[in-house]
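Here is the structure we will look at.
The values are calculated or read from the model by the stated rules, or taken from the named source; none is laboratory data. Keep in mind that this is a model prediction, so the values were computed, not measured. Glycine gets a Cβ as well: all are built from the backbone with ideal geometry, and neighbour counts include every protein chain shown.
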Amino acid sequence: MKKGILCAGNMIVDITYPISAWPKQNELVHITEGITQSTGGSVCNTVADLARLDPAMPLFASGYAGHDPEGDFILAELGRYKNLDLSMVRRNGRTSFTAVMSNNQTKERTFFQHAGANAFYGEDDIDWDRLDVDIFHIGYILLLPHLDEEDPEYGTKMARLLHRVQSMGIRTSIDVVSESGSRFRRLVAPALRYTDYCVINELEAQQTTGVCLREEDGTLRRENMHSALRALRALGVSTWAVIHCPEAGFGLDEAGAYHEFDSLRLPKGYIRGTVGAGDAFCAGVLHAAESGMSLPEALKLGACTAAASLSTVSASDGVGTRAEVLRLYDLYGKKAENA
């Protein structure tokens, strides 16, 4: 029997506020009806998506849920999944939360994040004696302050942790949070030396590699994807380097072969929210990796899982089983396009 996947790192409560438009500085904007609270962050989103894709896959979570109602909420929500072991989740401090401003017009969202107990999550919070999985996935780099700290030997404490995981014969996977600034090269590059699966979006890949993938006017530089993926491999990614964006998913497999898969053509009104779509894509890729699928199959499953996530305001409620999300390809994928 397969050992399964552990998701470690950020455990967050997302409070989503629908707004009529994004205001200018010092202007007022109305929060409309439909305020929601849901679990968020790399651990909660990715592991919930994995649990929905395959209710029989062994799954584990490691992170902090605070000693507060929000921490209770996280454990209650994730406790619904019978194949998810929460025994390595620790209770401490205040639960991390994100105020998500979701623009009703553009469906874009902006995040205001409070780290809470996530700020202290590190190597000592992992139960190493019980760590017996196939894949160890952690996120987000740039949003785990303790693990983002400098390490004299490995570059960062995150890189040290990933090296320790790999030394146990466990495959590693990382995710990164999107932000502006100059921290990417300093914090992400050391971790990639000990990463088997890297699944990040085009802006994160651009910041990490220096390869232009999205112009300031929004134009996607699709022709540069191969170069960016090669740069990720050169930084150390050993197996699959994957870049996803609203238009498509792109990847280099373990043999260095390049693959791409266009996103589904979703009808007008289908998208209810974009929170967690990147985590859903990542969950599809991780599920494929754990199931022995090829990278082209992984990109397809990632695209379909992301499309399912987009159908609801919350990150994971729209995701079904692998068979269910793949049916979206029949409706909105290439078959539908050629019909």
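Go through region 298-326 and give me each residue that's under 17 Å from Asp196 (Cβ atoms) and either of a type in the set (A, V, I, L, M, F, W, C) or more than 17 Å from the chain's Cα centre (by Cα) (or both). Outline the logic, then answer.
So the first thing to find is which residues in region 298-326 are under 17 Å from Asp196 (Cβ atoms), and the list is 298-299, 302.
Ala298, Leu299, listed by residue number.
For region 1-33, name all the residues that are part of a loop (DSSP other than H, G, I, E, B), of a type in the set (S, T, N, Q) and on the phi < 0 side of the Ramachandran plot.
If we filter region 1-33 for residues that are part of a loop (DSSP other than H, G, I, E, B), which is where we start, we get 1-4, 10-11, 20-30, 32-33.
If we keep only those that are of a type in the set (S, T, N, Q) as well, we get 10, 20, 25-26, 32.
Asn10, Ser20, Gln25, Thr32 - these are the residues of region 1-33 that are part of a loop (DSSP other than H, G, I, E, B), of a type in the set (S, T, N, Q) and on the phi < 0 side of the Ramachandran plot.
Every residue, every condition in (1) under 28 Å from Trp240 (Cβ atoms); (2) among the aliphatic types (A, V, I, L, M), yes or no:
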| position | (1), (2) |
| --- | --- |
| Ser96 | no, no |
| Ser102 | no, no |
| Ala119 | no, yes |
| Val188 | yes, yes |
| Leu192 | yes, yes |
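Go through region 136-155 and report how many residues are closer than 23 Å to Gly4 by Cβ and not hydroxyl-bearing (Ser, Thr, Tyr).
Residues that pass the stated criteria total 7.
Could we say that Ser263 is over 25 Å from Thr110 (Cα atoms), polar (S, T, N, Q) and touching a residue at least 40 places away in the same chain (Cβ under 8 Å) here?
no
Any residue at all in region 218-237 that is in contact with a His (Cβ under 8 Å, 6 or more places away or on another chain) and either of a type in the set (D, E, K, R) or at pLDDT 95 or above (or both)?
No, because not a single residue in region 218-237 is in contact with a His (Cβ under 8 Å, 6 or more places away or on another chain) and either of a type in the set (D, E, K, R) or at pLDDT 95 or above (or both).
Could you pull out the residue among Ala248, Ala257, Ala241 that is under 17 Å from Val285 (Cβ atoms) and touching a Phe, Trp or Tyr at 6+ places or on another chain (Cβ under 7 Å)? Please lay out each step first, then the result.
On the way: Ala257 fails: touching a Phe, Trp or Tyr at 6+ places or on another chain (Cβ under 7 Å); Ala241 fails: touching a Phe, Trp or Tyr at 6+ places or on another chain (Cβ under 7 Å).
Just a single option satisfies the conditions, and that option is Ala248.
Of everything in region 17-43, what is crowded, with 22+ Cβ neighbours inside 10 Å and either more than 26 Å from the chain's Cα centre (by Cα) or closer than 16 Å to Phe111 by Cα (or both)? Give them in sequence order. Break it down into steps so the answer makes sense when it comes.
Pass one, region 17-43, residues crowded, with 22+ Cβ neighbours inside 10 Å: 38-43.
Across region 17-43, the qualifying residues are Ser38, Thr39, Gly40, Gly41, Ser42.
Give Ala315, Ala277, Ala336, Ala303 a once-over and let me know the one that is at pLDDT below 95, within 30 Å of Asn103 (Cα to Cα) and in contact with a strand residue (DSSP E or B) (Cβ under 7 Å, 6 or more places away or on another chain).
Values: Ala277 fails: in contact with a strand residue (DSSP E or B) (Cβ under 7 Å, 6 or more places away or on another chain); Ala336 fails: in contact with a strand residue (DSSP E or B) (Cβ under 7 Å, 6 or more places away or on another chain); Ala303 fails: at pLDDT below 95.
Answer to the check: Ala315.
Show me the strands (runs of 3 or more DSSP E) entirely contained within region 221-339 in which 2 or more residues are of a type in the set (Val, Ile, Thr).
Strands (runs of 3 or more DSSP E) meeting the threshold: 240-244.
Pairs, please: C-beta under 8 Å, at least 6 apart or cross-chain, first residue under 11 Å from Thr156 (Cα atoms) and without any contact (Cβ under 8 Å) to a residue 40 or more places away in the chain and in region 176-195, second surrounded by 13 or more Cβ atoms within 10 Å (Cβ to Cβ) and basic (Lys, Arg)?
none
Has region 243-250 got at least one residue that is small (Gly, Ala, Ser) and surrounded by 14 or more Cβ atoms within 10 Å (Cβ to Cβ)? Break it down stepwise before answering.
Step one: filter region 243-250 for residues small (Gly, Ala, Ser), giving 248-249.
From the residues that got through so far, the ones that are surrounded by 14 or more Cβ atoms within 10 Å (Cβ to Cβ) too are 248-249.
Within region 243-250, one or more residues are small (Gly, Ala, Ser) and surrounded by 14 or more Cβ atoms within 10 Å (Cβ to Cβ).
Looking only at region 159-209, filter to residues that are part of a helix (DSSP H, G or I) and among the β-branched types (Val, Ile, Thr); which one of those is nearest to Ile12 (Cα to Cα)?
Val188
Scan (1) over 24 Å from Asp14 (Cβ atoms); (2) modelled with pLDDT of 95 or more; (3) surrounded by fewer than 21 Cβ atoms within 10 Å (Cβ to Cβ); (4) touching a helix residue (DSSP H, G or I) at 6+ places or on another chain (Cβ under 9 Å) for the single condition Glu324 breaks and write down its number.
The one condition Glu324 does not meet is (1).
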